[in-house]
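Asks: This is the structure, below, for whatever I ask next.
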Amino acid sequence: MFITKKRTYEQHHNENPSFYQYSAPINKHHKQIKENINTDICVVGGGLTGLSAALNLSNSGYTVTIIEANQIGSGASGRNGGQLGIGMRKDQFYLEKKFGNEKAKMFWFIGLEAVQEVIDIINNYKIDCAIKPGVLHVGNTKNDYKYFLKEIDHMQKYYDYNDFEYLDEKMIKEEIHSERYFSGLLLKDCYHLNPLKLTYGLMNACLEKGVKIYQNSPASKIIDNSNKISIKVNSYEIKTKKVIVCCNGYLDNLLGSVRSYFMPINNYIIATEPLGDEYAKKLIKRNVAVSDSRFMIDYFRFSEDYRLLFGGPETITANFVKDAKKFVLKRMLKVFPELNDVKIDFAWGGTLAISINRMPQFGTLMKNNLYYAHGYSGHGLAMSVMGGKLIAEKILEKNNKFDLFSSINHFKIPGGDLLRRPIYSTAIIYYRILDYISRL
Ligand SMILES: Cc1cc2nc3c(=O)[nH]c(=O)nc-3n(C[C@H](O)[C@H](O)[C@H](O)COP(=O)(O)OP(=O)(O)OC[C@H]3O[C@@H](n4cnc5c(N)ncnc54)[C@H](O)[C@@H]3O)c2cc1C
């Protein structure tokens with residue numbers, strides 16, 4: 001008997017629409033591969049990394065083709081929490097210790113540049129994606145304030161960075177209408193937005209620049225022939241000089257053992273019915289996005305039509321949980337018990353790629369003719385756009401910022417295909433226990 005494992009991107013087939021799919025304009029671009037194709041550069045994966053790489057290469061004289069297994073934005077890019085954060089997933093203390101002060105500074109500035117890059121794209125292409133300023137980190141424990149104050153001090157002293165606002169216990173309770181939090185750190189130059197609208201905006205910009213986009217066109221194999229790379233898509237073949245693989249948590253075995261360097265983890269979001277702007281202000285005074293200080297974070301914000309979008313923690317199985325709504329609702333009601341009678345209109349999940357050190361994974365294969373970028377570890381809204389740009393700049397030989405990331409040593413998760421999932425699951429349970437203990 002053969003057991004055929006579903007590809008990760010297939011888990012989104014036949015699912016109910018997310019709030020983002022409901023709120024974004026319909027994607028009218030339905031082209032699918034129906035013939036063999038020749039192109040200079042083929043991008044595999046139509047999320048923000050792939051679109052950004054294509055957009056940045058579109059004016060370079062190369063012909064650029066994107067192939068997407070489902071629809072553009074049907075991966076994490078069109079289903080995430082919408083928090084556009086600066087920096088990397090890990091703080092500067094960690095980066096300095098691990099990579100030294102000089103490299104830590106480079107990562108910090110690339111993180112700032114990443115947010116600016118998204119803002120520039122939104123402005124240049126006039127993308128209406130409901131962008132709002134402010135991301136607030138909230139302290140779940142009484143001691144978190146010490147970390148916030150230490151971070152403010154460090155960032156002022158060594159990075160000349162001042163765009164923080166500290167909130168003590170009284171202030172955080174005025175800001176967020178919940179008993180859960182004891183302190184807060186507002187990052188004033190972070191933002192929140194509707195990520196699917198942003199992704200469609202990038203898709204339209206690519207189409208305008210002549211990038212060819214094919215949906216429902218999954219790459220099943222990438223073969224290095226001596227003078228060209230051949231990509232199999234259904235019964236067709238794409239011949240290309242260079243290929244950029246941007247499949248992130250949905251990569252599976254397309255690049256062989258590359259997938260053993262990150263954990264594909266599922267995370268879920270629910271959207272309430274619209275609560276109105278007055279009530280929204282009562283719950284989150286300044287309409288900022290919020291994320292908490294635990295390992296398995298809660299993150300939430302209001303949508304453009306004032307629904308509370310609440311994201312919950314990762315699950316331990318490879319498949320999506322059957323009842324994401326129940327799973328996340330429990331967490332939402334711990335933060336806002338007063339929402340007990342509110343209707344939940346949407347629940348959905350997505351897969352992200354988490355690396356052990358939480359740094360993005362960039363690399364090349366096939367004699368530098370294949371590039372990949374993934375593993376943003378839940379901090380990829382800005383960094384995926386940047387990842388695509390850095391790949392393009394590497395191909396165009398503009399700078400070597402790509403190499404800063406590709407030179408990072410990543411830990412390979414042991415155990416082969418059979419044991420890797422139990423290892424991820426154990427890691428998730430371990431972090432859940434740490435979160436539980438920290439509140440005792
Ligand atoms: C629930 C959730 C919440 C998140 N919240 C935040 C947040 O608030 N802030 C933040 O910074 N980050 C967040 N992230 C992370 C962020 O969304 C990702 O880091 C980012 O979107 C990655 O973009 P990407 O283009 O690399 O990957 P994706 O958007 O996942 O795109 C990969 C694409 O590749 C396609 N694909 C896969 N296999 C193939 C194939 N064989 N052939 C062709 N196409 C293929 C997939 O269908 C998919 O469309 C969140 C992620 C999730 C899942």
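Asks: Which residues in segment 59-103 place their backbone N less than 19 Å from a point set 7 Å from the Cα of Lys150 along the Cα-to-Cβ direction?
Replies: 88-101
Asks: Along the Cα→Cβ direction, 7 angstrom out, place labels at Asn216 and Asp252. What is the inter-label distance in nm?
Replies: 1.8
Asks: Tell me the label-point distance for the pair Thr426, Asn101, using the 7 Å Cα-to-Cβ offset, in nm and rounded to one decimal.
Replies: In this crude label model, Thr426 to Asn101 measures out at 3.9 nm.
Asks: Multiply the residue gap between Arg286 and Leu419 by 0.36 nm, knock off their C-alpha separation, and tell me the result in nm, one decimal place.
Replies: 43.3 nm
Asks: Same structure, new question: Rule-of-thumb check for segment 15-142: C-alpha Rg over 2.2 N^0.38 Å?
Replies: Normalised Cα radius of gyration, segment 15-142: 1.32.
Asks: Per DSSP H run of n ≥ 4, the term is -39500 (n - 2.57); total these for the chain, divide by its residue number, and report the mean residue ellipticity at 222 nm rounded to 500 deg cm²/dmol.
Replies: Using -39500 (n - 2.57) per qualifying helix, the result is -10500 deg cm²/dmol.
Asks: Where both partners of a DSSP beta bridge lie in segment 8-429, what percent of those bridges are antiparallel, to the nearest 5?
Replies: Antiparallel bridges: around 70 percent, rounded to the nearest 5.
Asks: For Glu174 and Ser60, compute 0.36 nm times the residue count separating them, minus their Cα-Cα distance, and round to one decimal in nm.
Replies: Contour length minus the Cα-Cα distance gives 35.9 nm.
Asks: Another question, then. Two-decimal Rg/Rh of segment 8-429 from alpha-carbon positions, Kirkwood Rh?
Replies: 0.95
Asks: Take peptides 10-20, 127-137 and line them up by average Cβ neighbours within 10 Å, highest first, as a rough protection proxy.
Replies: 127-137, 10-20
Asks: Mind sorting Asp323, Asp40 by how few other Cβ atoms lie within 10 Å of their own Cβ, fewest first?
Replies: Asp323, Asp40
Asks: Ranked highest first by average number of other Cβ atoms within 10 Å, how do 25-36, 370-381, 197-208 line up?
Replies: Highest-to-lowest ranking by the protection proxy: 370-381, 197-208, 25-36.
Asks: Sequence gap at least 6, Cα distance under 8 Å: using those rules, report the relative contact order of segment 8-429 to the nearest whole percent.
Replies: 23
Asks: If the chain between Lys239 and Asp277 were fully stretched, how many nm would it gain, using 0.36 nm times the residue separation less the Cα-Cα distance?
Replies: Between Lys239 and Asp277, full extension yields 8.5 nm more.
A short reminder: the numbers here are calculations on the coordinates, not readings from a lab. Keep in mind the model is a prediction, meaning the values are calculated, not measured. Cβ atoms come from the backbone with ideal geometry, glycine included; neighbour counts cover every protein chain shown.
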